[in-house]
Amino acid sequence: MLLFKLAFRNIFRQRRRSLLTAMSLIGGYVLSVFSFSMSEGSYNNAITFFVQDHTGHIQIHKEDYLQRPKIHKSIPRPDELSAILDANERVASHTLRVFAPSIAYSDTDNTPAQVIGVDLARERATSTLAAKISAGAYIGPELDGEGYYSAMIGAGIANNLNIGLGDELILISQGADGSIANDIYRVGAIVGDRSSADRSTVYLPLVASQEFLSLPDAVHEVSILLKDDGLAREEAARLQELLPEFTVDPWQVVEATFYQSMQTDKQGNVVFLGIIIFIVFVGVLNTVLMSVLERTREFGVLKAIGSRPAKLALMITVETIMLTSISVLIGVMLSAPLILWFSLAGFALPEPMDVGGVLMSHLTGELSLYVFAVPMFLILGFAILISIPAGIRAALNSPKEAMRSH
Amino acid sequence: MQTASLAFRNLFRNTRRTVLTVMLIGFSLTALIVFDGIMRGMITLMVDNITGTLTGEAQIHRVDYRENLDVDLYLDNAAQIESQLQQDASLQAFAPRVISGAMISSSYNVSAGLVYGVDAQLEKSISKISEAVVEGAYLSGEESELLIGISMAELLEVGLGDRIVLTLSEVDNGELAQALLRVSGIVEFGLRELDENFAFTNIAAARRTLGMTDQQTHEYALRFVTPLSLTDSSSALLDELNNGEIEALNWLELNPEISLILEISRYSSLMIGAVLFLLASLGVINSMFMSIYERIYEFGVIKAIGTRPGDISKLILFEALFIALISCGMGILLGAAIGAYTSTSGIAFGEMEFSGISLNNAIFSEFHIIQFTQFPIYVVLLTVIAAIYPARFAAKIIPSDALHKSL
Amino acid sequence: MKSTSIQSIPTLAQLLFVLLSTALLSSLASAQESAVDIIDAMEELYRGESSLARMTMIVETPQFQRTMEMESSSIGTEKAFIRILAPRKDRGIATLKLDLEMWNYLPKINKVIKVPPSMMMGSWMGSDFTNDDLVKQTTLTDDYDLTLEETDTEYRITLVPKSNTVTVWGKIDYNVNKELMIPLSQNFYDDSDRLIRKMEFSEPREISGLLIPSRMEMIPINKEGHKTVIIYDELQFDPPEIDESIFTMRNLRSRF
């Protein structure tokens, strides 16, 4: 249409003015995107981290095991549950775990230990346990030549008991049937270091732990990794309906303290974002208003030679939208790599920070449609909003006065 | 100066534009002031939470004690340490503590916990235990008093006056020791860990149960007359106390994650500041250019009649300066107003827990002189710097082009 | 407030004591004697007593039921040795108590574990007794104030701990069948007089010439569905087989 062509040419006719306006808009856009990314982000990496580290996206327990763990709150016949999960398309992988607070003994010392029995193969695919091994190798579920099961122990235990690879480890706990659970294991690997979160943990093959605790064919926890991060709540709800006899929780519930802290922090960020947006608004106001009103004289001339006021107002609005759109597009191109870096690498914290029980090691931003789209719509919105009354005003000016302005 | 007064008057030739620009810059300054105030308030809250709740501003232990809280690693020269602490002028208060893990049993249930034996009086000047009492009374030094966390009280199903048996190991010989106490008060700190796992009793009773003499202590918590500065937290007293056997650390060293949070908040302030200033600068450049354009004919004329380029740039720069000054004025006023409001009414942020510190109280923003000195100076500087490009452009206008300029 | 004698619920030895004391009560002509006198006399009598017993312990919880067979030896209230005979899985697990210390032997791992203070309040063999209970020594008259009440069918001895006595109980009631002179029940209350635990005695049998309830049920009122039952299959007082060598580490570890 003629109007568009005209608007387009007008933009390039006043190169400097358009350029300046555009620069302001681009600048405002990039900075907003960055601020949004910073306030939205930061947590995604932490979430990904603990989800993959041990929490998973969803966890299944019996009753309120999560809040009040008791050995008898166990999930029976886990194979049945595994079959259901294996067939579920949205599930990437899952693992089975058994827990027991115990005491670990060596010949001369003893120390408290959290015993975790895991399905070794599944665990490998669902958590980062295999990557945490600092000595020895990821164990297998078989008995060794002497009839012992292997165990992977935290560095704190290795240190407190003064034992290492190949040594005997004695575990004592209370069985599910009330008996004293006691057995000997062979240390096959050491996990982490003395400051790791699992420094007092002993990992056993699932079967070994079930025997140890007289808990045949049952587990305490099923941890699930989904293919799509964002669907945790949805899928948890769906699974819960399917499995009414168990308790299915998304990670937001499993790590509730972290989630709460995160939400609150985000809420606080809304305030800051509000401030940023306000400044951007003023900037756009400044820019757009000026670029329209500066041309009052020009418009006066146009009206004098016969342009209809309505058409004029429209043209102004169209020009503004076009210019803003071009600016925003350029803004997207400029900010994309920046945000990409920010979300992947981010600023490394000198020391990991504990947020509600979860460790974060980097300050990162969020890469998402939201981060790019919201500032885009905001700026476009502002621009249009401002250009309409300004355009109308400009259009309504009498040509005589317009041409006389400055 | 003629240029100056000319510059000033020029501002009002297009009041609307000037107002818009002033708004942009002014609001940026306001935002920065408000943000800074809130950050400071948050840090104060955090520091207060850490040092005031239980930790104190510094602590003295036997070396290696902190790794496992081994009851056998006690300090056994209380008289000597305490006299040194008494005499030190930089110290306002100190409190000795005897600490042990124990099984805490009621008629109903048993729970593992950490028992602190404290000196009721001295402790008041260091920690908030007495303020956390929600039922019953704070310790008064009487024999069988016990304060337990509210969540623990729920787990053990006990109320005031109910009996509690503590089971623990004596120091040095590890022998079984038990003590009968009565719940004399229930405390609520609002921190999960404390409310679920901690119990407080009088230090004399704790020592007796553990088989410790009155010369033996696990920990001293200290408070200084002037709170340790965050940037330079050294203390002569702590340096003196540190030797091969004793370790005296300030709260920053005891909680290294906190210094991290402080750094992050400094980063955030910087980043927000940068963002705001960049936005403002763009606005300034835009604005100055606009104003130059509309006067381009005029500049052409005055250059043609011999005005020096330097004078034209000076003019533009002065205009920028005045805009900056007015903006600062506005920004400061608004910033002060908002700051005044938030520093008295506070901002409730909801519940957050970082590194075991709960931030569920309202944050009161704080004023600080740099908000009204440094920040405005930056603003003025940045505005003027932003105006350099437009100024040079104006200076370089070629009269003939300018005079031909159509719109 | 540390006391030499600490109590929570009766030890097995104490159970025997109660049986004995009430059995002997029947041989005392006059029940008018004060409760303190009776119990004092009992304690004097009981101090030298040794015993050998074979028992079945049944632990019931909402999640499982477990039956164990054990044999136990004791001298007074200071020494006890208990060995599990069945089920097969736990055969050979033994507990040795000497005064206030306790050790467990676990044959599967061939290890003797001393029970640390932190485990004292933990359950013994999964039952409703704690390790602490087994370790306790009783000096009832020293640590409690006793009052005796009578009804037509029952004697009630009420024990209230003295202010220095370290125990979680506010009050303990012993109820005795007046006619048969055998214990009926013991009730354990908290400070607010709420019943927390109950021990019920039943199935009286003649064992070694005494009428003794052979079945004891310990029922925690605050934990639904939980119960521990002890049934004395055999019981001998002052048997010839008992000697000091039973109560040693060596015996604890010995092959069985």
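The values are calculated or read from the model by the stated rules, or taken from the named source; none is laboratory data. Please read these numbers as outputs of a predicted model, since none were measured by experiment. Here the Cβ is made from the backbone with ideal geometry for all residues, glycine too, and neighbour counts use every protein chain on show. SASA here: full protein model, heavy atoms, side chains in, ligands and nucleic acids out. Shrake-Rupley method; radii C 1.70, N 1.55, O 1.52, S 1.80 Å.
Could you go through the range B:123-143 and let me know if any residue there is within 14 Å of chain C (Cβ to nearest Cβ) and crowded, with 21+ Cβ neighbours inside 10 Å. No, the range B:123-143 contains no residue that is within 14 Å of chain C (Cβ to nearest Cβ) and crowded, with 21+ Cβ neighbours inside 10 Å. I'd like to know if the range C:81-95 contains one or more residues that are touching a residue at least 60 places away in the same chain (Cβ under 8 Å), facing another protein chain (nearest Cβ under 9 Å) and not in a strand (DSSP E or B). Looking through the range C:81-95, none of the residues is touching a residue at least 60 places away in the same chain (Cβ under 8 Å), facing another protein chain (nearest Cβ under 9 Å) and not in a strand (DSSP E or B).
Condition check ((1) open to solvent by less than 10 Å² (accessible area, probe 1.4 Å); (2) among the polar types (S, T, N, Q); (3) within 17 Å of C:Val166 (Cβ to Cβ); (4) not assigned by TED's automatic domain parsing to the domain that holds B:Ile43) across all residues:
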site: B:Met212; (1), (2), (3), (4): no, no, no, yes
site: B:Thr217; (1), (2), (3), (4): yes, yes, no, yes
site: B:Ser233; (1), (2), (3), (4): no, yes, no, yes
site: B:Glu245; (1), (2), (3), (4): no, no, no, yes
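Among the candidates A:Arg233, A:Arg297, the residue that is away from every other protein chain (no Cβ under 14 Å) and open to solvent by 30 Å² or more (accessible area, probe 1.4 Å) is uniquely A:Arg233.
When the range A:9-29 is filtered for residues that are facing chain B (nearest Cβ under 9 Å), open to solvent by 30 Å² or more (accessible area, probe 1.4 Å) and of a type in the set (A, V, I, L, M), only A:Met23 remains. Scanning the range A:356-369 for any residue that is open to solvent by less than 50 Å² (accessible area, probe 1.4 Å), modelled with pLDDT of 65 or more, within 30 Å of A:Val318 (Cα to Cα) and assigned to a helix (DSSP H, G or I) turns up nothing.
The strands (runs of 3 or more DSSP E) found entirely in the range A:167-272 that carry 3 or more residues being more than 30 Å from A:Phe36 (Cβ to Cβ) are A:168-174, A:180-191, A:201-205, A:221-226. The residues in the range B:144-169 that are outside any loop (DSSP other than H, G, I, E, B) and more than 8 Å from chain C (Cβ to nearest Cβ) can be counted, and the count is 13. Assessment of the range A:196-209 against the conditions (within 14 Å of chain C (Cβ to nearest Cβ) and at pLDDT 95 or above) yields at least one matching residue. Looking only at residues of the range B:52-80 that are among the charged types (D, E, K, R) and not in a loop (DSSP other than H, G, I, E, B), we find that the one that is surrounded by the fewest Cβ atoms within 10 Å (Cβ to Cβ) is B:Glu67. Among the residues making up the range C:97-148, those that are under 27 Å from C:Arg255 (Cβ atoms), surrounded by fewer than 19 Cβ atoms within 10 Å (Cβ to Cβ) and within 11 Å of another protein chain (Cβ to nearest Cβ) are C:Asp99, C:Glu101, C:Pro107, C:Lys108, C:Ile109, C:Asn110, C:Lys111, C:Val112, C:Lys114, C:Pro116.
Residues of the range C:241-256 that are of a type outside the set (Phe, Trp, Tyr) and under 17 Å from C:Met102 (Cβ atoms): C:Ile246, C:Thr248, C:Met249, C:Arg250, C:Asn251, C:Leu252, C:Arg253.
Here B:Ile357, B:Ile398 are screened, and the one residue that is more than 28 Å from B:Leu282 (Cβ to Cβ) and modelled with pLDDT under 80 is B:Ile357. Out of all the residues in the range C:156-215, which are within 14 Å of chain B (Cβ to nearest Cβ), free of Cβ contacts under 8 Å to residues at least 24 places away in the same chain and assigned to a strand (DSSP E or B)? Correct list: C:Val160, C:Lys171, C:Asn187, C:Tyr189, C:Lys198.
Candidates are the residues of the range C:216-247 that are of a type in the set (S, T, N, Q) and either crowded, with 18+ Cβ neighbours inside 10 Å or outside any strand (DSSP E or B) (or both); the one that is nearest to the chain's Cα centre (by Cα) is C:Thr228.
Every condition in (1) crowded, with 17+ Cβ neighbours inside 10 Å; (2) under 22 Å from A:Tyr105 (Cβ atoms) is met by A:Arg194 except one, and the failing one is (1).
Would you say B:Leu24 is modelled with pLDDT of 80 or more and either part of a helix (DSSP H, G or I) or of a type in the set (Gly, Ala, Ser) (or both)? Against the criterion (modelled with pLDDT of 80 or more and either part of a helix (DSSP H, G or I) or of a type in the set (Gly, Ala, Ser) (or both)), B:Leu24 qualifies. As a summary of the residue check, A:Lys70 satisfies the conditions (1) farther than 22 Å from A:Glu255 by Cβ; (2) assigned to a loop (DSSP other than H, G, I, E, B); (3) free of Cβ contacts under 8 Å to residues at least 60 places away in the same chain except for the one numbered (1).
Would you say A:Leu314 is buried (at least 16 other Cβ atoms within 10 Å of the Cβ), away from chain B (no Cβ under 12 Å) and more than 30 Å from A:Asp53 (Cβ to Cβ)? In short, yes. For the range A:40-52, indicate whether the set of residues that are away from chain C (no Cβ under 14 Å), aromatic (Phe, Trp, Tyr) and within 30 Å of A:Leu329 (Cα to Cα) is non-empty. Scanning the range A:40-52, I find at least one residue that is away from chain C (no Cβ under 14 Å), aromatic (Phe, Trp, Tyr) and within 30 Å of A:Leu329 (Cα to Cα), so the answer is yes.
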